[in-house]
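K.L.:
Take this structure, written in structure tokens, and hold onto it; I'll ask about it next.
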């Protein structure tokens with residue numbers, strides 16, 4: 001049983017002292033340039049630089065702290081827990097608590113590189129059935145390696161940032177020639193991203209057993225996708241303009257130390273993967289996601305069914321000698337379950353537009369219209385039966 005905090009934590013807040021996710025904030029009454037690191041506790045943000053007296057937390061991103069490594073991550077977490085549970089520290093710590101309603105949350109990391117994987121068998125199978133009816137749902141390589149593509153780190157934005165509808169070339173199968181203009185099939189992908197703290201050396205693969213020494217925590221991800229642009233451009237080299245215009249992440253980074261109770265065995269893998277992809281520890285995560293479209297919850301994807309795990313993705317990404325940097329973002333790919341109400345993209349939910357989604361307003365949607373707002377939330381089990389919040393990632397589509 002974990003100790004209770006002297007900071008008031010409303011029932012069901014999702015941010016008890018066992019969670020303590022990191023973010024970057026500034027107060028509403030000060031310039032945005034006054035950004036620094038904080039942790040969420042109840043309805044407050046603790047200013048870590050002030051409470052801990054450590055200038056590494058006065059930086060405008062988590063990168064300097066994340067680069068220090070696991071020993072520092074663990075010791076700081078222990079110290080924060082002590083400060084927030086022992087009443088003796090209250091007089092010194094309380095002045096550094098800021099109500100969350102009085103802060104502005106920023107991008108928590110300086111994104112170094114961004115890789116997006118394709119780790120859900122259910123999502124990959126759905127996409128295969130949609131675009132290859134009558135053929136194999138999965139491509140021949142899918143169960144042998146974690147498929148992914150390199151994205152654009154400069155267009156990763158924090159939750160709440162408006163997303164401008166992208167333009168590009170598109171061509172439906174029935175069109176005689178391609179056309180240029182705004183995307184007409186704008187979509188979301190509900191994902192979970194791993195944040196890398198400790199970099200690796202160029203030319204040296206990272207084994208699955210070293211994952212915990214490099215991976216700092218997770219964020220929620222919405223990989224906005226222009227399906228019509230993507231469909232025309234992706235042959236033969238894969239996603240490009242249909243993906244690179246915006247990727248939103250949640251402002252809170254939940255550490256793997258906080259996720260110990262969420263770790264589970266992933267689904268069985270058949271065929272057995274190559275040696276470099278084998279994992280000795282249970283690195284599946286029992287995370288529950290929720291997708292809200294204009295105020296209507298339309299799906300609840302379960303992360304626990306993801307086929308490829310974080311350690312496998314990291315090992316595959318570096319097996320050719322590619323190096324990692326502090327602030328790398330490794331997104332999971334769309335999270336989808338077996339049921340219709342567990343699909344993590346609108347392409348799947350509407351089955352490519354043939355089964356529109358009815359919202360509480362009575363409107364029907366297949367893809368995003370200007371003014372639509374999507375919010376993705378997530379929770380994880382804590383050690384005492386509580387639910388830890390992963391925060392949320394939200395975005396509203398704006399026209400050109």
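K.L.:
Please state the shape class of segment 100-145: rounded when a/c is under 1.5, otherwise prolate if a/b exceeds b/c and oblate if not, all from the C-alpha gyration tensor.
P.N.:
Taking the square roots of the gyration eigenvalues as a ≥ b ≥ c, segment 100-145 is prolate.
K.L.:
Separate question: Tell me, what is the Rg over Rh of segment 163-245, with Rh the Kirkwood radius over Cα pairs?
P.N.:
Reported Rg/Rh (Cα atoms, Kirkwood Rh): 1.16.
K.L.:
Next up: For segment 22-106, what does the alpha-carbon gyration tensor say about shape, rounded, prolate or oblate, given a ≥ b ≥ c as the root eigenvalues, a/c under 1.5 as rounded, and a/b over b/c as prolate?
P.N.:
Because a/c hits 1.5 or more and a/b fails to exceed b/c, segment 22-106 counts as oblate.
K.L.:
Taking the chain as a Gaussian network, Cα atoms linked when under 10 Å apart, which of 328, 92, 370 shows the biggest mean-square fluctuation?
P.N.:
Residue with maximal mean-square fluctuation among 328, 92, 370: 92.
K.L.:
Test of understanding: in a Gaussian network model of the chain with alpha carbons linked when under 10 Å, which of 190, 246, 67 would top the mean-square fluctuation ranking?
P.N.:
Most flexible of the set in this elastic network: 67.
K.L.:
Would you kindly compute the Cα radius of gyration of segment 226-330 and its largest Cα-Cα separation (Dmax), both in Å?
P.N.:
16.9, 46
K.L.:
Now for a different question. Would you list 279, 194 from fewest to most Cβ contacts within 10 Å?
P.N.:
If I rank by nearby Cβ atoms, fewest first, I get 279, 194.
K.L.:
Here's something else I'd like to know. Just to verify a number: FRET efficiency for residue 387 and residue 325, C-beta to C-beta distance, R0 = 22 Å, to 0.05?
P.N.:
Working: r = 33 Å, r/R0 = 1.48.
My answer for the efficiency is 0.10.
K.L.:
How much length is gained on full extension from residue 3 to residue 78, taking 0.36 nm per residue of separation minus their Cα-Cα distance?
P.N.:
25.8 nm
K.L.:
Dividing the Cα convex hull volume of segment 309-363 by residue count, how many Å³ per residue is that?
P.N.:
134 Å³
K.L.:
State the Cα centre-to-centre distance between segment 164-201 and segment 242-319 in whole Å.
P.N.:
Their Cα centres are 21 Å away from one another.
K.L.:
Please arrange 274, 216, 25, 65 by how many other C-beta atoms lie within 10 Å of their C-beta, fewest to most.
P.N.:
Ranking 274, 216, 25, 65 by Cβ neighbours within 10 Å, fewest first, gives 274, 65, 25, 216.
K.L.:
Compute the separation of the alpha-carbon centres of segment 76-128 and segment 1-64 and state it in Å as a whole number.
P.N.:
When both Cα centres are located, 8 Å separates them.
K.L.:
I would also like to ask the following. Given points 7 Å out from each Cα along the Cα-Cβ axis, report the residue 235 to residue 86 separation in nanometres with one decimal.
P.N.:
For residue 235 paired with residue 86, the spin-label model returns 6.6 nm.
K.L.:
Could you identify which residue out of 371, 23, 148 has the top mean-square fluctuation in a GNM of the chain using Cα springs shorter than 10 Å?
P.N.:
Largest GNM mean-square fluctuation: 371.
K.L.:
Also: What's the exposure ranking of 314, 359, going from fewest to most Cβ atoms within 10 Å? All intermediate terms of the calculation are to be shown ahead of the outcome.
P.N.:
Working: 314 26, 359 15.
So the ranking, lowest neighbour count to highest, is 359, 314.
K.L.:
Also, I was wondering about something else. Could you work out the helix-only [θ] at 222 nm for the chain, with each DSSP H run of four or more residues adding -39,500 (n - 2.57) and the total divided by the number of residues, to the nearest 500 deg cm²/dmol?
P.N.:
Result for the chain: -4000 deg cm²/dmol, rounded to the nearest 500.
K.L.:
Quick one: check the C-alpha center-to-center distance for segment 208-237 versus segment 367-400, whole angstrom.
P.N.:
About 17 Å separates the Cα centre of segment 208-237 from the one of segment 367-400.
K.L.:
Extending each Cα 7 Å along its Cβ direction at residue 137 and residue 43, get the distance between those two points in nm, one decimal.
P.N.:
Calculated label separation equals 4.6 nm.
K.L.:
On average, how much area does the Cα convex hull of segment 242-400 cover when viewed from any direction, in nm²? If you can, show how the numbers build up before the last one.
P.N.:
Working: hull surface 47.8 nm².
Averaging across all directions leaves 11.9 nm² for the Cα convex hull.
K.L.:
Dividing the Cα convex hull volume of segment 82-193 by residue count, how many Å³ per residue is that?
P.N.:
Dividing the Cα hull volume of segment 82-193 by its residues yields 203 Å³.
Quick note: the coordinates plus some simple rules give every number you see, no bench work behind them. Just so we're clear, the structure is a prediction, and the values are computed from it rather than from any experiment. Virtual Cβ from ideal backbone geometry, glycine too; neighbours counted across all protein chains shown.
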